[in-house]
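S.K.: What follows is a single structure, and I will ask about it in a moment.
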Amino acid sequence: MIISLLSQKGGVGKTTLAIHLAAALVEMGSRVLLIDADPQASATDWSARRSDDPLFPVVGMAKATLHKDLPAVADSSDHVVIDGPPRVNDVSRSAILASDVVIIPVCPSPYDVWAAEDVITLVREARVFKESLCVRFVINRKIANTVIGRDVLAALDRFEYPVLPVSVCQRVIFAESAAAGRTVLEVNPNSKASREILALRDAILEVPIDDGVAT
(Lines give C-alpha, C1' and ligand atoms only; values in the text may rest on other atoms or scores of the structure.)
Protein backbone atom coordinates (compact mmCIF):
# COMPACT_ATOMS: atom_id res chain seq x y z
CA MET A 1 0.00 0.00 0.00
CA ILE A 2 1.21 3.50 -0.83
CA ILE A 3 -0.04 6.05 1.69
CA SER A 4 0.52 9.78 1.34
CA LEU A 5 -0.06 12.42 3.99
CA LEU A 6 -0.93 15.77 2.47
CA SER A 7 -1.98 19.16 3.73
CA GLN A 8 -2.24 22.66 2.34
CA LYS A 9 -1.51 24.14 5.77
CA GLY A 10 1.69 23.78 7.77
CA GLY A 11 1.67 22.90 11.44
CA VAL A 12 -0.84 20.05 11.26
CA GLY A 13 1.70 17.41 12.30
CA LYS A 14 1.91 15.79 8.87
CA THR A 15 5.56 14.75 9.17
CA THR A 16 5.08 13.45 12.70
CA LEU A 17 2.21 11.25 11.53
CA ALA A 18 4.15 10.06 8.48
CA ILE A 19 7.15 9.03 10.56
CA HIS A 20 5.03 7.33 13.20
CA LEU A 21 2.86 5.56 10.66
CA ALA A 22 5.99 4.18 9.00
CA ALA A 23 7.31 3.06 12.39
CA ALA A 24 3.99 1.43 13.28
CA LEU A 25 4.03 -0.51 10.01
CA VAL A 26 7.57 -1.68 10.78
CA GLU A 27 6.36 -2.73 14.23
CA MET A 28 4.07 -5.30 12.60
CA GLY A 29 6.94 -6.74 10.57
CA SER A 30 6.48 -4.89 7.28
CA ARG A 31 9.24 -3.56 5.05
CA VAL A 32 8.58 0.16 4.85
CA LEU A 33 9.97 3.02 2.79
CA LEU A 34 9.38 6.64 3.79
CA ILE A 35 9.46 9.12 0.94
CA ASP A 36 10.28 12.67 2.05
CA ALA A 37 8.48 14.76 -0.56
CA ASP A 38 8.54 17.88 1.62
CA PRO A 39 11.12 20.46 0.43
CA GLN A 40 11.71 21.29 4.10
CA ALA A 41 13.06 17.72 4.46
CA SER A 42 11.87 17.36 8.06
CA ALA A 43 11.64 13.57 7.86
CA THR A 44 15.18 13.41 6.48
CA ASP A 45 16.39 15.64 9.32
CA TRP A 46 14.61 13.38 11.83
CA SER A 47 16.36 10.34 10.38
CA ALA A 48 19.75 12.07 10.55
CA ARG A 49 19.28 12.69 14.28
CA ARG A 50 18.99 8.98 15.08
CA SER A 51 21.82 7.34 16.96
CA ASP A 52 20.06 3.96 16.83
CA ASP A 53 19.87 1.81 13.71
CA PRO A 54 17.36 3.15 11.14
CA LEU A 55 13.81 1.88 11.53
CA PHE A 56 13.25 2.29 7.79
CA PRO A 57 14.95 4.00 4.84
CA VAL A 58 14.07 7.63 4.15
CA VAL A 59 14.44 8.81 0.55
CA GLY A 60 14.13 12.44 -0.47
CA MET A 61 11.92 12.84 -3.53
CA ALA A 62 10.37 16.31 -3.52
CA LYS A 63 9.74 16.45 -7.25
CA ALA A 64 6.82 16.47 -9.64
CA THR A 65 7.87 13.13 -11.19
CA LEU A 66 7.49 11.26 -7.90
CA HIS A 67 4.72 9.00 -9.24
CA LYS A 68 6.95 7.96 -12.13
CA ASP A 69 10.16 7.55 -10.11
CA LEU A 70 8.73 5.79 -7.06
CA PRO A 71 8.41 2.24 -8.49
CA ALA A 72 12.16 2.03 -9.06
CA VAL A 73 12.95 2.60 -5.38
CA ALA A 74 9.95 0.89 -3.79
CA ASP A 75 10.21 -2.58 -5.32
CA SER A 76 11.23 -4.34 -2.11
CA SER A 77 8.82 -2.50 0.19
CA ASP A 78 5.54 -3.82 1.57
CA HIS A 79 4.33 -0.29 2.28
CA VAL A 80 5.39 3.19 1.22
CA VAL A 81 4.57 6.29 3.27
CA ILE A 82 4.87 9.66 1.51
CA ASP A 83 5.36 12.80 3.59
CA GLY A 84 4.01 15.39 1.18
CA PRO A 85 4.75 19.10 0.92
CA PRO A 86 2.96 21.59 3.22
CA ARG A 87 1.16 23.24 0.32
CA VAL A 88 -0.67 22.25 -2.84
CA ASN A 89 1.68 22.15 -5.83
CA ASP A 90 2.94 19.82 -8.55
CA VAL A 91 4.68 17.62 -5.99
CA SER A 92 1.37 17.17 -4.18
CA ARG A 93 -0.29 16.16 -7.46
CA SER A 94 2.44 13.63 -8.11
CA ALA A 95 2.17 12.21 -4.59
CA ILE A 96 -1.58 11.77 -5.03
CA LEU A 97 -1.12 9.97 -8.35
CA ALA A 98 1.42 7.64 -6.71
CA SER A 99 -0.87 6.75 -3.81
CA ASP A 100 -3.47 4.15 -2.99
CA VAL A 101 -4.66 6.12 0.04
CA VAL A 102 -4.39 9.85 0.76
CA ILE A 103 -4.55 10.89 4.41
CA ILE A 104 -5.35 14.54 5.13
CA PRO A 105 -4.41 15.56 8.70
CA VAL A 106 -6.66 18.24 10.15
CA CYS A 107 -6.14 19.94 13.49
CA PRO A 108 -9.22 20.94 15.51
CA SER A 109 -9.34 24.40 13.99
CA PRO A 110 -11.60 26.02 11.38
CA TYR A 111 -8.48 27.21 9.53
CA ASP A 112 -7.48 23.60 8.89
CA VAL A 113 -10.93 22.74 7.58
CA TRP A 114 -10.80 25.68 5.17
CA ALA A 115 -7.31 24.67 4.00
CA ALA A 116 -8.48 21.11 3.31
CA GLU A 117 -10.54 22.38 0.38
CA ASP A 118 -7.42 22.84 -1.76
CA VAL A 119 -6.23 19.26 -1.18
CA ILE A 120 -9.70 17.91 -1.91
CA THR A 121 -9.73 19.84 -5.20
CA LEU A 122 -6.47 18.14 -6.20
CA VAL A 123 -7.86 14.76 -5.20
CA ARG A 124 -10.96 15.27 -7.33
CA GLU A 125 -8.77 16.10 -10.30
CA ALA A 126 -6.55 13.06 -9.70
CA ARG A 127 -9.50 10.70 -9.48
CA VAL A 128 -10.22 11.38 -13.15
CA PHE A 129 -7.04 9.40 -13.84
CA LYS A 130 -7.12 7.13 -10.78
CA GLU A 131 -10.65 6.17 -9.83
CA SER A 132 -9.53 3.71 -7.15
CA LEU A 133 -7.88 6.45 -5.07
CA CYS A 134 -9.15 6.50 -1.48
CA VAL A 135 -9.12 9.51 0.82
CA ARG A 136 -9.50 9.88 4.58
CA PHE A 137 -9.25 12.76 7.00
CA VAL A 138 -7.58 12.25 10.36
CA ILE A 139 -7.98 14.56 13.35
CA ASN A 140 -4.49 15.27 14.65
CA ARG A 141 -3.22 17.27 17.60
CA LYS A 142 -6.60 16.95 19.23
CA ILE A 143 -6.77 18.50 22.67
CA ALA A 144 -8.09 15.91 25.09
CA ASN A 145 -11.32 16.56 27.01
CA THR A 146 -12.51 19.39 24.77
CA VAL A 147 -15.52 19.67 22.48
CA ILE A 148 -13.73 21.39 19.60
CA GLY A 149 -12.97 18.03 17.98
CA ARG A 150 -16.69 17.44 17.53
CA ASP A 151 -17.04 20.83 15.83
CA VAL A 152 -14.35 19.89 13.30
CA LEU A 153 -16.04 16.58 12.56
CA ALA A 154 -19.25 18.43 11.81
CA ALA A 155 -17.41 20.88 9.55
CA LEU A 156 -15.78 18.04 7.58
CA ASP A 157 -19.19 16.56 6.82
CA ARG A 158 -19.45 18.83 3.80
CA PHE A 159 -16.73 16.86 2.05
CA GLU A 160 -17.44 13.53 0.37
CA TYR A 161 -14.60 11.72 2.13
CA PRO A 162 -14.83 10.16 5.61
CA VAL A 163 -12.89 10.87 8.78
CA LEU A 164 -10.91 7.99 10.25
CA PRO A 165 -12.41 6.71 13.52
CA VAL A 166 -9.11 7.35 15.32
CA SER A 167 -7.79 10.71 16.52
CA VAL A 168 -4.25 11.54 17.65
CA CYS A 169 -3.96 13.91 20.60
CA GLN A 170 -1.50 16.70 21.21
CA ARG A 171 1.16 15.17 23.46
CA VAL A 172 4.60 16.38 24.57
CA ILE A 173 6.11 12.93 23.99
CA PHE A 174 5.89 13.45 20.21
CA ALA A 175 8.20 16.47 20.35
CA GLU A 176 10.51 14.86 22.89
CA SER A 177 10.98 11.72 20.80
CA ALA A 178 11.47 13.69 17.56
CA ALA A 179 14.38 15.65 19.06
CA ALA A 180 16.34 12.38 19.35
CA GLY A 181 15.25 10.97 15.99
CA ARG A 182 13.03 8.42 17.69
CA THR A 183 9.32 7.66 17.87
CA VAL A 184 6.90 7.36 20.76
CA LEU A 185 6.74 3.63 20.01
CA GLU A 186 10.41 3.39 20.98
CA VAL A 187 10.37 5.85 23.87
CA ASN A 188 7.28 4.44 25.57
CA PRO A 189 5.45 1.68 23.68
CA ASN A 190 2.74 1.55 26.36
CA SER A 191 1.91 5.25 26.29
CA LYS A 192 -1.40 6.70 25.16
CA ALA A 193 0.43 8.26 22.22
CA SER A 194 1.73 4.85 21.11
CA ARG A 195 -1.71 3.29 21.39
CA GLU A 196 -3.18 6.07 19.27
CA ILE A 197 -0.52 5.59 16.58
CA LEU A 198 -1.08 1.84 16.43
CA ALA A 199 -4.83 2.38 16.24
CA LEU A 200 -4.28 4.86 13.39
CA ARG A 201 -2.15 2.32 11.54
CA ASP A 202 -4.84 -0.33 11.91
CA ALA A 203 -7.57 2.06 10.75
CA ILE A 204 -5.62 3.00 7.63
CA LEU A 205 -4.88 -0.64 6.79
CA GLU A 206 -8.60 -1.33 6.96
CA VAL A 207 -9.36 1.25 4.27
CA PRO A 208 -10.62 -0.64 1.19
CA ILE A 209 -8.29 0.68 -1.48
CA ASP A 210 -10.41 -0.38 -4.43
CA ASP A 211 -13.62 1.46 -3.61
CA GLY A 212 -12.93 4.90 -5.04
CA VAL A 213 -14.84 7.41 -2.93
CA ALA A 214 -14.81 4.89 -0.08
CA THR A 215 -17.84 5.54 2.05
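S.K.: Kindly indicate the residue of the range 25-50 that is polar (S, T, N, Q) and within 16 Å of SER7 (Cβ to Cβ) and also surrounded by the most Cβ atoms within 10 Å (Cβ to Cβ) among those meeting that condition.
M.R.: If we take residues in the range 25-50 being polar (S, T, N, Q) and within 16 Å of SER7 (Cβ to Cβ), then SER42 is surrounded by the most Cβ atoms within 10 Å (Cβ to Cβ).
S.K.: Could I ask something else about it? ARG87 passes all but one of (1) within 14 Å of GLN8 (Cβ to Cβ); (2) modelled with pLDDT of 95 or more; (3) of a type in the set (Lys, Arg); which number fails?
M.R.: Status for ARG87: all satisfied but (2).
S.K.: Shifting gears a bit: Tally up the residues in the range 164-194 that are touching a strand residue (DSSP E or B) at 6+ places or on another chain (Cβ under 6 Å) and among the aliphatic types (A, V, I, L, M), please.
M.R.: 2
S.K.: Could you list all residues from the range 85-132 that are closer than 24 Å to LEU34 by Cα, touching a helix residue (DSSP H, G or I) at 6+ places or on another chain (Cβ under 8 Å) and of a type in the set (D, E, K, R)?
M.R.: ARG93, LYS130
S.K.: Please go through the range 106-141 and pick out each residue that is farther than 21 Å from ARG171 by Cα, surrounded by 13 or more Cβ atoms within 10 Å (Cβ to Cβ) and of a type in the set (A, V, I, L, M).
M.R.: Residues satisfying the conditions are VAL113, ALA115, ALA116, VAL119, ILE120, LEU122, VAL123, ALA126, LEU133, VAL135.
S.K.: Could you list, ordered by first residue, the pairs with Cβ atoms under 6 Å in which the first is in the range 154-179 and closer than 20 Å to SER42 by Cα and in contact (Cβ under 8 Å) with a residue 40 or more places away in the chain and the second is outside any strand (DSSP E or B) and open to solvent by 40 Å² or more (accessible area, probe 1.4 Å), at least 6 apart or interchain?
M.R.: The qualifying pairs are PHE174/THR16.
S.K.: Look through ALA72, ALA144, ALA95, ALA154 and report the one residue that is open to solvent by 30 Å² or more (accessible area, probe 1.4 Å) and in contact with a strand residue (DSSP E or B) (Cβ under 6 Å, 6 or more places away or on another chain).
M.R.: Among ALA72, ALA144, ALA95, ALA154, only ALA144 is open to solvent by 30 Å² or more (accessible area, probe 1.4 Å) and in contact with a strand residue (DSSP E or B) (Cβ under 6 Å, 6 or more places away or on another chain).
The values are calculated or read from the model by the stated rules, or taken from the named source; none is laboratory data. None of these values were measured; they are calculated from a predicted model. Note that each Cβ is placed from the backbone with ideal geometry, even for glycine, and that neighbours are counted across all protein chains shown. Surface areas here come from the heavy atoms of the whole protein model, side chains and all, with no ligands, DNA or RNA. Shrake-Rupley method; radii C 1.70, N 1.55, O 1.52, S 1.80 Å.
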